[in-house]
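So the structure is just underneath, and the comments pick up after that.
The values are calculated or read from the model by the stated rules, or taken from the named source; none is laboratory data. Remember, it's a predicted structure, so these values are computed and weren't measured experimentally. Glycine gets a Cβ as well: all are built from the backbone with ideal geometry, and neighbour counts include every protein chain shown. With ligands, DNA and RNA removed, areas are computed over all heavy atoms of the protein, side chains included. Shrake-Rupley method; radii C 1.70, N 1.55, O 1.52, S 1.80 Å.
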Amino acid sequence: MGQPSDRGLFFPEKIPQLAPTFLRGIHHYAKEQIALEVIRPYVGDAIPANELIQIVTETVAFPFPLVPVTQSISTLELFHGPTLAFKDVGARFMSRCLAYFTRNNNNKITVLVATSGDTGGAVAAGFHGVEGIDVMIVYPSGKVSPVQEAQLTTWGGNVRVVEVDGDFDDCQRMVKDAFATKEVSKKMTLTSANSINVARWLPQQFYYFYAWQQWSNKTKPPVISVPSGNFGNLCAGLLARASGLPVKKFIAACNANDTVPRFLQTGSLQPAATVATLSNAMDVSAPSNLTRILQLFRERGESLNDVVTSYSITDDETSRAIKEVCESTRYLMDPHGAVGYCALERYRQTVSANEGYFLETAHPVKFGSAVEKITGKAVDMPPLMKELSSKGETVKMAAASQDLIGYLLGT
Ligand SMILES: *Cc1c(COP(=O)(O)O)cnc(C)c1O
């Protein structure tokens, strides 16, 4: 269940505490074991141990390297999954949990999701070929990058794709209307796969522990900069910290959509209109997971400002950083990672002698033409992706909820 019936957000009753021996001895653990330690308290006995091991093993079946960029700054690369963005982790975990829970169920489940680009691809990849589950992805025509479009449309099988003549907000409205339509819910079991689902949120803690495992100076915990949009990723990091992960400071790195930086400065929450930026997966002005972050701090009696600093980074700063870092170190950042890099640099200028890392949330090839314009060089396609370069089949429709509902009902 993505959202409780009162339309609030699910939140853990109790934050588990990881054993100090686990954190001290983390270099002895395989990444599957770390994932299991972190997630088991949340799963309880809802999924038997042998099944859960299988689920987490498949979830983290790719590398999560911490790569040095400059002398003081590293990056945690989260783009080695099948759709080249960190959302693969949450989507893979969620799809496998759902497959487990529906295994002995005769009713098919339909996962219906609107996407602005990265979510749809990760969800399709996560659910493709999973028995008992149909996937329907709704995306705005002409508003996703060519690589994203290929990742959305080339699955076939149990993945159907609807291309809407409208924008992301239209897609979201159509999906919401379909969920609210009784005839639809009578005919099929619908579920969403958006990022407020706990099965996507909780497993995102894993890779913060993988970074800690690779962090060399254990006496000086890192400053961690998280490129943020809906704040699920940062919220997972804060949860990991509440369970015992050593962290010096979190930086919430935002683009021009600066609701949270302003909130941390003034204490008043005033979302402005969303503006389009180079880091489009972060173009969010009313982040859903902020509620969870505030709840976490309320429960712990901690001040958010003591733990999190937030900056808003312009497109100019982002482009300049991509170019400069590429020229001086040969490391190529994508626009989202670059926002994280800039925010970490800004923090280091105010508070000196701090080492840290930023999350590289997507591979630069996903935003290839933007990055190419900045550096003047073509971005190499990773070998895995080479065959995924053309668009597949879609069902086209106008931005009318009735059309999507009709399609779902087969009328
Ligand atoms: C979704 C996304 C983000 C934002 O993550 P949140 O958890 O929504 O804050 C950042 N970068 C990329 C590439 C994304 O796809």
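Consider residue 53 against the criteria (1) β-branched (Val, Ile, Thr); (2) open to solvent by less than 20 Å² (accessible area, probe 1.4 Å); (3) out of contact with any strand residue (DSSP E or B) (no Cβ under 9 Å at 6 or more places or on another chain): it satisfies all of them except one. Which criterion is unmet? Of the numbered conditions (1) β-branched (Val, Ile, Thr); (2) open to solvent by less than 20 Å² (accessible area, probe 1.4 Å); (3) out of contact with any strand residue (DSSP E or B) (no Cβ under 9 Å at 6 or more places or on another chain), the odd one out for residue 53 is (2).
Any chance the range 322-339 includes a residue that's closer than 20 Å to residue 263 by Cβ and away from the ligand (no atom under 14 Å from the Cβ)? No, the range 322-339 contains no residue that is closer than 20 Å to residue 263 by Cβ and away from the ligand (no atom under 14 Å from the Cβ). So which residues in the range 270-294 are open to solvent by less than 20 Å² (accessible area, probe 1.4 Å), free of Cβ contacts under 8 Å to residues at least 60 places away in the same chain and within 11 Å of the ligand (Cβ to nearest atom), if there are any at all? Once the filter is applied, which keeps residues that are open to solvent by less than 20 Å² (accessible area, probe 1.4 Å), free of Cβ contacts under 8 Å to residues at least 60 places away in the same chain and within 11 Å of the ligand (Cβ to nearest atom), the range 270-294 yields 282, 287, 290. Taken over the range 173-205, the criterion of being open to solvent by less than 30 Å² (accessible area, probe 1.4 Å), within 16 Å of the ligand (Cβ to nearest atom) and either touching a Ser or Thr at 6+ places or on another chain (Cβ under 8 Å) or basic (Lys, Arg) (or both) is satisfied by 193, 196, 200, 201, 203, 205. Annotation note: of 365, 379, the sole residue that is free of Cβ contacts under 8 Å to residues at least 60 places away in the same chain and crowded, with 17+ Cβ neighbours inside 10 Å is 379.
Scanning the range 323-356 for residues that are open to solvent by less than 20 Å² (accessible area, probe 1.4 Å), under 24 Å from residue 305 (Cβ atoms) and not in a helix (DSSP H, G or I) yields 354, 356.
Of the set (1) away from the ligand (no atom under 15 Å from the Cβ); (2) open to solvent by 30 Å² or more (accessible area, probe 1.4 Å); (3) in contact with a strand residue (DSSP E or B) (Cβ under 8 Å, 6 or more places away or on another chain), all apply to residue 305 but (3).
Do we have residue 314 as closer than 15 Å to residue 227 by Cα and buried (at least 20 other Cβ atoms within 10 Å of the Cβ) here? Answer is no for this residue.
Report yes if residue 130 is more than 22 Å from residue 282 (Cβ to Cβ) and without any contact (Cβ under 8 Å) to a residue 60 or more places away in the chain, otherwise no. Taking the combined requirement at face value, the residue satisfies it. Scanning the range 357-411 for residues that are β-branched (Val, Ile, Thr) and in a loop (DSSP other than H, G, I, E, B), we see that the one that is modelled with the highest pLDDT is 361. Filtered by the rule that a residue be open to solvent by less than 20 Å² (accessible area, probe 1.4 Å) and away from the ligand (no atom under 16 Å from the Cβ), the range 216-242 gives 222, 223, 242.
The single condition among (1) of a type outside the set (Lys, Arg); (2) more than 20 Å from the chain's Cα centre (by Cα); (3) open to solvent by 40 Å² or more (accessible area, probe 1.4 Å) that residue 246 does not meet is (3).
Whether any residue in the range 248-270 is in contact with a Lys or Arg (Cβ under 6 Å, 6 or more places away or on another chain) and of a type outside the set (S, T, N, Q) is what I want to check. Taking every residue of the range 248-270 in turn, none turns out to be in contact with a Lys or Arg (Cβ under 6 Å, 6 or more places away or on another chain) and of a type outside the set (S, T, N, Q).
Would you please name the residue that is nearest to residue 124 (Cα to Cα), looking only at residues in the range 152-172 that are within 16 Å of the ligand (Cβ to nearest atom) and buried (at least 22 other Cβ atoms within 10 Å of the Cβ)? Here the residue is 152.
Rundown of residues vs (1) over 23 Å from residue 382 (Cβ atoms); (2) open to solvent by less than 30 Å² (accessible area, probe 1.4 Å); (3) within 16 Å of the ligand (Cβ to nearest atom); (4) at pLDDT below 95, yes/no style:
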residue: 9; (1), (2), (3), (4): yes, no, yes, yes
residue: 17; (1), (2), (3), (4): yes, no, no, no
residue: 30; (1), (2), (3), (4): yes, no, no, no
residue: 41; (1), (2), (3), (4): yes, no, no, no
residue: 57; (1), (2), (3), (4): no, no, no, no
residue: 79; (1), (2), (3), (4): no, yes, yes, no
residue: 102; (1), (2), (3), (4): yes, yes, no, yes
residue: 116; (1), (2), (3), (4): no, no, yes, yes
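Of the residues screened, residue 359 is not one that is within 16 Å of the ligand (Cβ to nearest atom), within 25 Å of residue 207 (Cβ to Cβ) and open to solvent by 20 Å² or more (accessible area, probe 1.4 Å).
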